[in-house]
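Working notes, structure below.
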Amino acid sequence: MSGRLFMQAVKDHGATLLPVDSEHNAVYQSWHGKKSEIKQIYLTASGGPFLGMNKDQLEKITPAQAVAHPN
C-alpha cells in the first residue's frame, strides 16, 4: 500500500533497492544486466512451514507463524 512512497524515497536518495529473500535475489542476480538474454525464469519454492496444510489449517495461521523462517 505504500509502494509508491517507498519507491519515491529510493529514487529521491539515489538508493539501490535489492531483494533480500533468497528466491527473489536469485532472480535479480540472474536478470541483472542480462534482461535481453533471458526468455524465461522459473521460480520454485520449498513450500516452507505450511507445505501440506489444507485450507482450514492455512486460515488459522498467525502472523507470528507467517514470519517465522523454517530454518
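A dipole drawn for the chain from +1 and -1 charges on Cβ atoms has a positive end, and of 58, 17, 33 the residue lying farthest that way is 33. Phi angles across segment 58-68 convert, under the Karplus curve 6.51 cos²θ - 1.76 cosθ + 1.60 with θ = phi - 60°, into 3J(HN,Hα) values of 5, 5, 9, 5, 8, x, 4, 5, 5, 8, 7 Hz, Gly and Pro given as x. Got a number for carbon plus sulfur as a percent of the chain's accessible area, 1.4 Å probe? It is 58 percent, rounded to a whole number. Using only the Cα atoms of segment 8-49, build the gyration tensor, take square roots of its eigenvalues as a ≥ b ≥ c, and label the shape rounded, prolate or oblate: rounded if a/c is under 1.5, else prolate if a/b is larger than b/c, else oblate. Since a/c reaches 1.5 but b/c is at least a/b, the shape of segment 8-49 is classed as oblate. Heavy atoms of the protein chains alone define the surface here; on that basis the chain has 95 Å² accessible area per residue at 1.4 Å probe size. Per-residue ellipticity at 222 nm, computed for the chain from helices alone with -39500 (n - 2.57) per DSSP H run of at least four residues, works out to -11000 deg cm²/dmol.
The magnitude of the dipole of the chain, with charges of +1 and -1 set on the Cβ of Lys/Arg and Asp/Glu and taken from the Cα centre, is near 220 debye. I need the shape label for the chain. Rule: rounded when a/c is under 1.5, else prolate if a/b > b/c, else oblate, with a, b, c from the alpha carbon gyration tensor. Verdict is oblate for the chain.
The values are calculated or read from the model by the stated rules, or taken from the named source; none is laboratory data. Being a predicted model, the structure only gives us computed values, none of them experimental. Every residue, glycine among them, receives a Cβ derived from its backbone with ideal geometry; neighbour counts consider all protein chains shown. Surface accessibility is based on the protein's heavy atoms, side chains included, excluding ligands, DNA and RNA. Shrake-Rupley method; radii C 1.70, N 1.55, O 1.52, S 1.80 Å.
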